[in-house]
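The structure follows.
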Amino acid sequence: MTENKITSRELALAAIEAMKKSYSPYSNFTVGAALLTKSGKVYTGANIENASYTPTICAERNAIFTAVHNGEREFSAIAIVGGLKGDIKGITAPCGVCRQVMSEFCSPDFKVILVTSSEGEYEETTLGELLPYTFKL
Ligand code: THU
């Protein structure tokens, strides 16, 4: 599949599917993410929690790290969805740590699709809007 064949809505629906794989028995807050590479592949992730809390990984980083581990370095968009026990009540914006991880691999025009309903409705923003003045070495 090539990038221009995947719409924001399709990426949103992939994130909703990914959210169903969340392991979140401590917060009960399920999150899913679907990451689109510039070559048109989609990598998904969900949040996975731990009894010791801090080892918890967010859905976004799960998707990004899986993609990078599979040799990907260039990304064009990510869709993110979340809700208490899977109930999508509005946007779930990425946490600061995930924004920083995005900035390692993505440019300010990287599209961030914030899913607002179980039908795959969404709002769009960019990494540059979410994280200006990125930390870089
Ligand atoms: N979480 C994410 O997966 N992504 C975010 O950007 C924010 C928070 C997860 C972590 C934890 O499992 C749950 O949501 C509640 O914080």
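The values are calculated or read from the model by the stated rules, or taken from the named source; none is laboratory data. Quantities reported herein were computed from a predicted structural model and do not represent experimental measurements. Only protein heavy atoms, including side chains, enter the accessible area calculation; ligands, DNA and RNA are left aside. Shrake-Rupley method; radii C 1.70, N 1.55, O 1.52, S 1.80 Å.
With a 1.4 Å probe and all protein chains kept in place, how do Tyr53, Tyr133, Tyr26 rank by accessible area, largest first? Can you show the working numbers first?
Working: Tyr53 150, Tyr133 220, Tyr26 105 Å².
Sorted descending by solvent-accessible area, the residues read Tyr133, Tyr53, Tyr26.
Quantify, in whole percent, the carbon and sulfur part of the accessible surface of the chain (1.4 Å probe; protein heavy atoms only). Don't jump to the answer; show the numbers that get you there.
Numbers: 4040 of 7450 Å².
Heavy-atom surface of the chain belonging to carbon and sulfur, 1.4 Å probe: 54 percent.
If you don't mind, there's one more thing I want to ask. Tell me, how many Å apart are the Cα centres for the stretch 1-58 and for the stretch 65-137?
10 Å
May I ask for the percentage of alpha-carbon pairs in the stretch 43-137 that lie more than 19 Å from each other?
Details: 1898 of 4465 pairs.
Taking all Cα-Cα pairs of the stretch 43-137, the fraction more than 19 Å apart is 43 percent.
Averaged per residue, what accessible area in Å² does the chain show with a 1.4 Å probe, protein chains only?
54 Å²
What percent does the relative contact order of the chain come to when contacts are Cα pairs within less than 8 Å and at least six residues apart? Don't jump to the answer; show the numbers that get you there.
Values: 311 pairs, mean separation 31.0, N = 137.
Rounded, it is 23 percent for the chain.
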